[in-house]
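To start, the structure itself, in structure tokens.
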Amino acid sequence: MAAATNIIRHKLYDYIRIADDKKLHAIYNLLEGEIEETSEWWKDKLFVEELEHRYEALESGKDKGFTVEQVEASIDKLRKKRYGK
């Protein structure tokens, strides 16, 4: 099922990139409520608590985290694995 979802997601990305203004506004109007809810992450108490917990772990040294270079290398590796690029 995840593969089918990814196919749908990529088709929507592609469609939105080339959609004319009228279609883009129609899509946005259809989903506006959900889009606004997801963009107001600071209102989600559990999410904010999780962010604070992770921040404290990084600041205290309990979690070493990753450098930007490590994250970029990981993304490049995954991109090559998935897309061969």
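What to note about this one:
- Based on alpha carbons, the Rg and Dmax found for the chain are 18.5, 51 Å.
- Sites residue 54 and residue 74 - FRET efficiency at Förster radius 22 Å, r taken between beta-carbons, to 0.05: 0.80
- Where only alpha carbons of the range 11-56 are counted, the Rg and the Dmax (Å): 15.7, 46
Bear in mind these aren't lab numbers, they're just calculated from the coordinates by the rules spelled out. The structure presented is a predicted model; accordingly, all values stated were derived computationally and were not measured. All Cβ positions, even for glycine, are placed from backbone atoms using ideal geometry, and neighbour counts span all protein chains on display.
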